[in-house]
1. For the subset of the range 24-39 comprising residues that are part of a helix (DSSP H, G or I) and in contact with a helix residue (DSSP H, G or I) (Cβ under 7 Å, 6 or more places away or on another chain), which member is farthest from Gly54 (Cα to Cα)?
2. Mind telling me which of the residues Leu182, Leu204 ends up being touching a Lys or Arg at 6+ places or on another chain (Cβ under 7 Å) and either touching a residue at least 40 places away in the same chain (Cβ under 8 Å) or over 15 Å from Glu157 (Cα atoms) (or both)?
3. Among the residues of the range 210-233, what is the count of those that are of a type outside the set (Phe, Trp, Tyr) and crowded, with 16+ Cβ neighbours inside 10 Å?
4. Given the structure, is Asn146 in contact with a strand residue (DSSP E or B) (Cβ under 6 Å, 6 or more places away or on another chain) and over 21 Å from Lys117 (Cβ atoms)?
5. Which residue, of Gly153, Gly171, Gly219, is assigned by TED's automatic domain parsing to the domain that holds Ser94, touching a residue at least 40 places away in the same chain (Cβ under 8 Å) and either over 15 Å from the mean Cα position of the chain (by Cα) or within 26 Å of Ser94 (Cβ to Cβ) (or both)?
6. Scan the range 61-94 for residues that are at pLDDT 75 or above, over 14 Å from the mean Cα position of the chain (by Cα) and assigned to a loop (DSSP other than H, G, I, E, B) and report the count.
7. Please determine whether any residue of the range 125-146 is under 15 Å from the mean Cα position of the chain (by Cα), outside any loop (DSSP other than H, G, I, E, B) and in the same structural domain as Ile222 (by TED's automatic domain parsing).
Amino acid sequence: MKPKERQAYILEKIRQEKFASVEELSNIFCVSLQSIRKDVNDLCKEGLLRRVYGGVEIPVQQENISYNSRKIIHYDEKKSIAKLIAKQIPNNSSLFFSIGTTPEIIAKELINHENLKIFTNNINVALVCCENPTFEVVLHGGLVRNKHRDILGNDIENFFSKYSVDFGIYGVGAIEEDGSLLDFTHEEIQAREAINRYSKRVFLAADFSKFERKAHIRGGNISMVDNFFCDKKPPQNIYEILKRNEVELHFPTYEGVN
């Protein structure tokens with residue numbers, strides 16, 4: 001595992017568990033204390049962690065980890081989800097894409113499609129889709145969140161409300177046991193709700209780790225989407241929610257609601 005990849009996993013672990021000692025991290029990643037100390041020092045310099053007695057923790061201002069770190073974590077799982085979604089999108093479709101790393105990976109899987117119309121506030125999705133000359137890309141304007149490579153603001157709902165599209169595709173920060181969808185800012189939830197409202201079919205993409213992650217702002221429920229895509233079968237209680245609400249479930253080797 002490369003240092004940057006290890007640092008991304010360290011950051012995610014501490015964000016979830018609030019604290020870890022250097023010795024614990026050394027044992028988990030099977031590397032020397034010296035290597036872990038360098039990882040921790042790099043993350044502290046970026047303001048992503050802070051040292052405390054006995055180890056390190058997340059600074060008081062908690063938010064989602066950086067885009068580059070999230071892009072590394074669970075990449076293979078996100079890639080498997082993207083392949084499933086790409087099979088569901090015909091040529092000549094129109095799509096909303098939300099923020100996040102999973103939508104970007106999905107966009108890359110769609111790059112050989114033809115004549116897609118893309119509406120998004122995700123800068124990386126827009127850049128990926130511009131590589132196909134048959135795609136038409138509309139990017140929401142406004143203040144860029146540098147750390148997350150996206151554009152959010154009070155007018156985000158107005159942007160999505162101008163269009164009626166075939167498919168709305170988004171990820172989520174975390175999913176609770178009752179199916180509640182969680183994120184890190186109200187603006188992220190506002191964008192997701194707008195995509196729900198103005199899409200003919202809604203696709204939620206979330207790797208299994210989202211059932212174990214923590215985020216603090218609730219907005220919507222997994223029962224509201226039309227299709228749910230995961231890298232493996234979700235927990236049984238989530239499976240039952242999907243089945244009860246006739247949400248189509250997709251994961252490798254399986255597609256359906258039963």
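The values are calculated or read from the model by the stated rules, or taken from the named source; none is laboratory data. Predicted, not measured: the structure shown is a model, and the values here were computed from it. All Cβ positions, even for glycine, are placed from backbone atoms using ideal geometry, and neighbour counts span all protein chains on display.
1. So in the range 24-39, the residues part of a helix (DSSP H, G or I) come out as 24-29, 33-39.
Within this subset, residues satisfying the condition of being in contact with a helix residue (DSSP H, G or I) (Cβ under 7 Å, 6 or more places away or on another chain) are 25-26, 29, 33, 36-37, 39.
On the way: Leu25: 12, Ser26: 14, Phe29: 18, Leu33: 13, Ile36: 14, Arg37: 12, Asp39: 16 Å.
Here the residue is Phe29.
2. Sole residue among the options that is touching a Lys or Arg at 6+ places or on another chain (Cβ under 7 Å) and either touching a residue at least 40 places away in the same chain (Cβ under 8 Å) or over 15 Å from Glu157 (Cα atoms) (or both): Leu182.
3. The first filter runs over the range 210-233 and keeps only residues of a type outside the set (Phe, Trp, Tyr), leaving 210, 212-227, 230-233.
Filter once more, keeping what is crowded, with 16+ Cβ neighbours inside 10 Å: 210, 213, 215, 219-220, 222-223, 225-227, 230-231.
Total meeting the criteria: 12.
4. Numbers: in contact with a strand residue (DSSP E or B) (Cβ under 6 Å, 6 or more places away or on another chain): no; over 21 Å from Lys117 (Cβ atoms): yes.
Judged against the criteria, Asn146 is not a match.
5. On the way: Gly153 fails: touching a residue at least 40 places away in the same chain (Cβ under 8 Å); Gly219 fails: touching a residue at least 40 places away in the same chain (Cβ under 8 Å).
After ruling out the rest, the residue left standing is Gly171.
6. Residues meeting the conditions: 5.
7. First, the residues of the range 125-146 that are under 15 Å from the mean Cα position of the chain (by Cα): 125.
Pick out the ones that are also outside any loop (DSSP other than H, G, I, E, B) and you get 125.
Restricting the remaining residues to those that are in the same structural domain as Ile222 (by TED's automatic domain parsing) gives 125.
There is at least one residue in the range 125-146 that is under 15 Å from the mean Cα position of the chain (by Cα), outside any loop (DSSP other than H, G, I, E, B) and in the same structural domain as Ile222 (by TED's automatic domain parsing).
Rundown of residues vs (1) in contact with a strand residue (DSSP E or B) (Cβ under 9 Å, 6 or more places away or on another chain); (2) in a strand (DSSP E or B); (3) small (Gly, Ala, Ser), yes/no style:
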| residue | (1), (2), (3) |
| --- | --- |
| Leu182 | yes, yes, no |
| Gln190 | yes, no, no |
| Ile195 | yes, no, no |
| Lys214 | yes, no, no |
| Ser223 | no, no, yes |
| Lys232 | yes, no, no |
| Asn237 | no, no, no |
| Ile241 | yes, no, no |
| Glu246 | no, no, no |
